Each structure stands twice: as structure tokens, then as C-alpha cells.
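Written out below as C-alpha cells is the structure these notes cover.
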Amino acid sequence: MTSEIKTERHAGVLTVTISRPDKKNALTNAMYGALADAIDGASSDPEVHVIVLQSEGDLFSAGNDIGEFAARAAGSALQERHVDRFLRSLASTSVPLVAAVQGKAIGVGATMLLHCDYVILAEDAQLITPFIDLALVPEAASSLLLPLRIGHARAFEMFAFGAPLPAAAALASGLANRVVPNAELRSEARRAAEQLASKPYGAMIAMKRIMRDTEKLALQIDVELGVFAKRLESDEAREAFAAFREKRRPDFTRIRERK
Ligand code: COA
């Protein structure tokens, strides 16, 4: 249990709020566990017809907690890695997912949006996937979904350069449904969710099941998790995590990895 993930159920809508604003909503193992529990609970609750994902503070999420990445790189073992469960739940739920995104959505904060069915961005939203800058690889089936959505060229650019994709460009690329003023973000998400919740639910989940190839997504997530785990223990990644901790730029020039 963590107080950094809040849930509220009302009128067929489960609202899940990421609430760790002092750390820019960076996600910890405990938070992944609570997110997975919320999605799994909604998937088996006939009263929940839509999930809204939102967060508190000026920024949607800074992605995975880099301190926890560093701990994994240093060999500390967790009893259960909830991120794996979260990614599988996110990719397999047939409950429609609505996301409300303000400010930066970084790493898994951005890639989780590829699993959301209706994405509303605030005007200041930016999608950022800096996996290569952290000497990691894309996850959450984004190595499959992002090229499918926006083409290989633009997906490669987002992953390799890690440059922010502003809200308007994300909308134009088909990564979002709407861009709204920040002040209207939550009310727009609520309005969309309630509208979706009022539709015939059997048809809605049947549609989602035929639109998303969950088996393929699960396979891609497994492949990515294997490569990701190896990258986490690399000298390059250790340098990236140390640089973040020490608030400096990483220096990869002296690290030579075998091809
Ligand atoms: N993991 C752990 N802590 C994080 C974090 C992350 N991913 N992102 C931010 N934080 C922490 C900072 O360490 C800082 O903690 P402190 O107050 O104890 O020093 C706090 O959140 C505020 O962050 P700060 O960097 O001071 O805020 P900012 O507004 O200048 O920048 C970000 C915000 C999100 C742009 C910047 O923190 C950042 O780039 N974070 C890393 C994002 C990232 O690479 N995520 C991994 C993707 S795979």
C-alpha cells in the first residue's frame, strides 16, 4: 500500500491519481504495485467502465524512480518487481483508459500513454522518451507501439535523441486525442470518461479486445524486459544513474561496450 497512488470510484469511472509531486511523480516499485492493483481491480469490477489516469503537480510523471534503477544496477533484489505486473495489466486490460497529462511525461510516463485509449494533453504537455540517454532501451511495448503509431523515423528520433515532443506535435502525430488549456484538463477527462462510461459496456470492451493484440504486446514486453534488465547492469547505465544523482552530465566517452 502506498499513499502515492490514490483511487476514487464514482459513476462507473475509477480515477487513479499519481501523487508524488515533490519527486515529479517518479514511479517506485510500491507505486507500480498500487497501479497494477488498481487496474486489475477495475478489470474484474463490473461497476467500473472506465479508468482515468492523472497526476498531481506540474508534471505528469518523471518516469521510473532513477534511485531504484541505480539500486537494481547495484544488485539489490526486490521480492517482487511490480513494474512487470503493472506493464502487463496496463497492456491487457479491456477497460477503456483515459489519460489526462500536464507538463512532462517522461519514460514510462510517456510510454504508458500508448496503452491509453483516449489521451488528453494540457497545452504545456511534452512527451519525452530518453531511454538511450540513460543507456537503457524502450519498454512498455513502446518499441513496437511507437513505430506503429508514428512511423519508424519519428519513433527512432524520439527514442534516440530524447527530445521533447510538444502537445501540438503529439496531437498531430496521432499520439493524443485532444489538447486543452491546463485549467480544463481534469474536467475534460472527467467529461470524456463519463461519456464513455454511459455507452454499452459489453460492446466497448469487445471493441477494445479486437483493437488491441494483447498477446503480441505481452510478448514484446517480455522481450524488452529481458534486454532492459541487462542494460540496467551496464557500465553505461551506472554512469547515467550516477550523473543524475550527482546532478551532472553523464560522460560515456570512456566506456566501450562490446558489439
Ligand atoms: N527519479 C527519482 N527522482 C526524480 C526523478 C526520477 N525519475 N525525477 C525527478 N526526481 C527528483 C529529483 O531528484 C529532485 O529530488 P530532490 O528535490 O530530492 O533533489 C526532485 O524530483 C525534483 O526534481 P528536479 O530535477 O529538481 O526538478 P526540475 O523541475 O528541475 O526537473 C525533471 C524535472 C523531471 C525534468 C528532471 O528531474 C528529470 O529530468 N528527471 C529525470 C527524468 C528521467 O530521465 N526519468 C527516467 C526515464 S526512463
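A few points about this structure:
- Entry remark, the stretch 189-208: residues being more than 14 Å from residue 53 (Cβ to Cβ), over 20 Å from the mean Cα position of the chain (by Cα) and not aromatic (Phe, Trp, Tyr) number 13 in total.
- The residues of the stretch 125-144 that are among the β-branched types (Val, Ile, Thr) and either buried (at least 24 other Cβ atoms within 10 Å of the Cβ) or more than 8 Å from the ligand (Cβ to nearest atom) (or both), listed by number, are 129, 132, 137.
- Residue match in the stretch 11-20 (condition: near the ligand (Cβ under 10 Å from one of its atoms) and at pLDDT 95 or above): yes
- Scope the stretch 92-114; condition part of a helix (DSSP H, G or I) and either under 21 Å from residue 130 (Cα atoms) or within 15 Å of the ligand (Cβ to nearest atom) (or both); matching residues: 108, 109, 110, 111, 112, 113, 114
- Among all residues of the stretch 180-192, there is none that is surrounded by 19 or more Cβ atoms within 10 Å (Cβ to Cβ) and either within 16 Å of the ligand (Cβ to nearest atom) or at pLDDT below 95 (or both).
- Flag for residue 73 being loosely packed, with under 15 Cβ neighbours inside 10 Å, closer than 19 Å to residue 225 by Cβ, at pLDDT below 95 and not acidic (Asp, Glu): no
- When residues of the stretch 31-70 are limited to those that are in contact (Cβ under 8 Å) with a residue 40 or more places away in the chain, more than 10 Å from the ligand (Cβ to nearest atom) and of a type in the set (S, T, N, Q), the one surrounded by the most Cβ atoms within 10 Å (Cβ to Cβ): 55
The values are calculated or read from the model by the stated rules, or taken from the named source; none is laboratory data. These numbers were taken from a predicted model, which means no experiment stands behind them. Ideal geometry is used to build each Cβ from the backbone, glycine not excepted, and the neighbour counts take in all protein chains shown.
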